[in-house]
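Trainee: Can you keep this structure in mind? I'll have questions shortly.
The values are calculated or read from the model by the stated rules, or taken from the named source; none is laboratory data. Model, not experiment: these values are computed from the prediction. Cβ sites come from the backbone with ideal geometry, for glycine too, and all protein chains shown count toward neighbours. The protein model used for the area step is the full one, side chains on, heavy atoms only, and it has no ligands, DNA or RNA in it. Shrake-Rupley method; radii C 1.70, N 1.55, O 1.52, S 1.80 Å.
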Amino acid sequence: MKIIKRVFLLLLVMVAGVSTLQAQSKKEKEQQKASAVKEQVVSKNYKLEVNTAFPMSGRMVNLTTPYSLEVKNDSVFSYLPYYGRAYSIPYGGGKGLIFNAPIDEYNMEYNKKGEAKIKLVAHTEEDNFQYNISIYSNGSASINVDMQNRQSISYSGDLEMKE
């Protein structure tokens with residue numbers, strides 16, 4: 001009987017130890033990912049892969065085509081679909097949110113939770129664009145785009161992690 005109690009107690013201690021080690025490794029992985037995300041965002045060389053659009057009017061749109069917003073040093077490469085009302089656009093509809101342009105203004109700050117808040121301003125011959133980007137420590141992101149000649153639109157997606 002004593003042997004069974006000892007074996008049971010030993011198994012109980014082993015299970016508790018394994019779960020504690022798993023919790024620590026999960027926390028360490030989260031911290032490693034958060035530091036990798038921060039390093040990539042601070043370098044001003046990152047790409048956000050967008051998978052959902054949220055127009056101001058209408059329903060959310062799940063995107064099946066790979067759309068993205070990329071920041072490289074002092075340029076923005078926007079390849080995003082637009083759903084919404086346009087107030088003044090060129091004949092034929094224009095390019096919308098598909099353009100490459102230099103960044104006029106770039107402000108980034110981190111809050112206590114490790115979330116990057118980025119304000120990015122660019123303009124093309126068609127419109128002025130203000131991107132408000134939130135990149136979270138787990139790599140997920142949200143983008144809100146304000147334009148002069150169109151309704152605002154929001155997107156959600158993930159940061160493309162580089163090796």
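Trainee: How many residues, within the stretch 46-72, are open to solvent by 60 Å² or more (accessible area, probe 1.4 Å) and not β-branched (Val, Ile, Thr)?
Mentor: So the answer is 11.
Trainee: Anything in the stretch 73-114 that is loosely packed, with under 14 Cβ neighbours inside 10 Å and within 28 Å of SER35 (Cα to Cα)? List them, or say none.
Mentor: ASN73, ASP74, SER75, PRO102, GLU105, ASN107, GLU109, ASN111, LYS112, LYS113
Trainee: Let me ask you something else. Residue check, ASN138 against (1) under 22 Å from ASN51 (Cβ atoms); (2) surrounded by 15 or more Cβ atoms within 10 Å (Cβ to Cβ), all met but one. Which one?
Mentor: (2)
Trainee: Let me ask something additional. Can you list residue pairs whose Cβ atoms sit under 8 Å apart, with the first residue in the stretch 84-112 being over 21 Å from TYR155 (Cβ atoms) and the second being open to solvent by 80 Å² or more (accessible area, probe 1.4 Å) and part of a loop (DSSP other than H, G, I, E, B)? Count only pairs 6 or more apart in sequence or on different chains.
Mentor: PRO102/ASP74
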